[in-house]
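K.L.:
After the structure tokens below, expect a handful of questions from me.
Readers should treat all values here as calculations from the given coordinates under stated rules, not as data from a laboratory. Values in this document were obtained by computation on a predicted structure and should not be read as measured data. So basically every Cβ, Gly included, is an ideal-geometry build from the backbone, and we count neighbours across all protein chains shown.
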Amino acid sequence: MLIKGRYTVWLLVMAVLLSAALAGGYWWMFHMPGSSYRGTPPSLDAQGEALRGRLRTHVRALAEEIGERHVWRPEALRAAADYIEQAFRDAGLEPRRLPVPRGGQAFHNLEVRLPGRGSTDETLVVGAHYDTVRGTSGADDNASGVAVLLELARRLQGAELEREIRLVAFVNEEAPHFGSDAMGSLSYAREARARGDTIVGMLSLEMLGHYTDAPGSQAYPPLLGLIYPDRGNFVACVGNLRSRRLVRRVTGAFRRHAEIPSEGLAAPELLRDIFRSDHWAFWEMGWPAMMLTDTANFRNPHYHGPGDTWNRLDYASMARLTPALADTLTQLAR
């Protein structure tokens, strides 16, 4: 009886410890400040409608007029760079072309800098890749992210910032370049590290155009579906555990401004799906970085296929996302 009693106590202690560990892990990975937006958002006002039109124009220009954008169609990849460069100029900024060599050819990242006016040399980087895989016009992946990047430039131009913000359109994120010397964001991050830049956070805009309220429209890696909603109507803020503070700050600030649902996750790197964008390059250099995404193939049935076309995106949701993200960046830069 004594042995049995001690065994029962041991089981109870282990159960309590396991419950505490699970609760602590839940809080550490999933708990985010603020509350996700709920309810029906108000109709877009005149400025919102104008923003929706510009976002659609950017996506259509990249995905339909230019089309597939990769090194096997170098003229299209360069046409996309030209379009982005001109859009930055139209926003009142002066872009820089940063060469990224690949197989005897040079492609380019495009960067604009919004200077900080404080005493700090700290920098925030916001980026989106503009290339595609073969066989898709890449409207959601990733003309949507580029369109938001270009409209952030318009909204943030002239903002009073303590920290510098750099907006960068990256080349060659897609396979087979991911992780190679030809990957634009990896080239950029390596050069920034070599210069000794003080990058306090990087946000990758990776597929921001597909949203739906249909039940069961959102899938997940194993077990995450037990925690997150089954409707694909939210923006996901995703990072690794080392970037948890950045993920929490961005998610909390975004929720204060957004009229679109949002979810946050800071996960162990064993969950390989959290690697899948340009923020990974900044992790490699030791900086906190995260991705904002509509969750790609976990929601969009046209991911990396011919159906990823400009007319399938939700520009109203993108128009609600963009100003909230601009306000978030302004807050982070102060």
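K.L.:
Take the residues of segment 265-279 that are hydrophobic (A, V, I, L, M, F, W, C) and touching a residue at least 40 places away in the same chain (Cβ under 8 Å): which is farthest from Met318 (Cα to Cα)?
P.N.:
Looking at residues that are hydrophobic (A, V, I, L, M, F, W, C) and touching a residue at least 40 places away in the same chain (Cβ under 8 Å), I get Leu271.
K.L.:
As an exercise: evaluate Arg69 against (1) closer than 30 Å to Glu162 by Cβ; (2) part of a loop (DSSP other than H, G, I, E, B); (3) of a type in the set (D, E, K, R) and give the number of the one condition it does not meet.
P.N.:
(1)
K.L.:
Output the residue which, of all residues in segment 139-184 that are out of contact with any helix residue (DSSP H, G or I) (no Cβ under 9 Å at 6 or more places or on another chain) and surrounded by fewer than 19 Cβ atoms within 10 Å (Cβ to Cβ), is nearest to Phe88 (Cα to Cα).
P.N.:
Ranking the candidates gives Gln157 first.
K.L.:
Given (1) assigned to a helix (DSSP H, G or I); (2) farther than 19 Å from Pro99 by Cβ; (3) without any contact (Cβ under 8 Å) to a residue 60 or more places away in the chain, identify the lone condition not met by Ala175.
P.N.:
If we test Ala175 against (1) assigned to a helix (DSSP H, G or I); (2) farther than 19 Å from Pro99 by Cβ; (3) without any contact (Cβ under 8 Å) to a residue 60 or more places away in the chain, just (1) comes out false.
K.L.:
Which residues, counting only those in segment 97-133, are over 15 Å from Ala80 (Cα atoms), surrounded by fewer than 19 Cβ atoms within 10 Å (Cβ to Cβ) and not β-branched (Val, Ile, Thr)?
P.N.:
Listed by number, the residues that qualify are Pro101, Gly103, Gly104, Gln105, Arg113, Pro115, Arg117, Gly118, Ser119, Asp121, Glu122.
K.L.:
Can you name the helices (runs of 4 or more DSSP H) wholly within segment 183-289 that have at least 1 residues being among the acidic types (Asp, Glu)? Give the derivation first.
P.N.:
On the way: elements: 184-195, 244-257, 279-284.
Qualifying helices (runs of 4 or more DSSP H): 184-195, 279-284.
K.L.:
Please list, ordered by first then second residue, the pairs with beta carbon atoms under 9 Å, 6 or more apart or interchain, first in segment 129-149 and on the phi > 0 side of the Ramachandran plot, second aromatic (Phe, Trp, Tyr).
P.N.:
Gly138/Tyr130
K.L.:
Let me ask you something else. Residues that are at negative phi, touching an Asp or Glu at 6+ places or on another chain (Cβ under 6 Å) and of a type in the set (Val, Ile, Thr): does segment 196-204 have at least one?
P.N.:
Yes, segment 196-204 contains a residue that is at negative phi, touching an Asp or Glu at 6+ places or on another chain (Cβ under 6 Å) and of a type in the set (Val, Ile, Thr).
K.L.:
Here is a further query. If Ala87 passes every condition in (1) over 20 Å from Gly184 (Cβ atoms); (2) in contact (Cβ under 8 Å) with a residue 40 or more places away in the chain but one, which one does it miss?
P.N.:
(1)
K.L.:
Can you name the strands (runs of 3 or more DSSP E) wholly within segment 81-153 that have at least 1 residues being closer than 16 Å to Leu167 by Cα, of a type in the set (S, T, N, Q) and in contact with a strand residue (DSSP E or B) (Cβ under 9 Å, 6 or more places away or on another chain)?
P.N.:
105-114, 122-129
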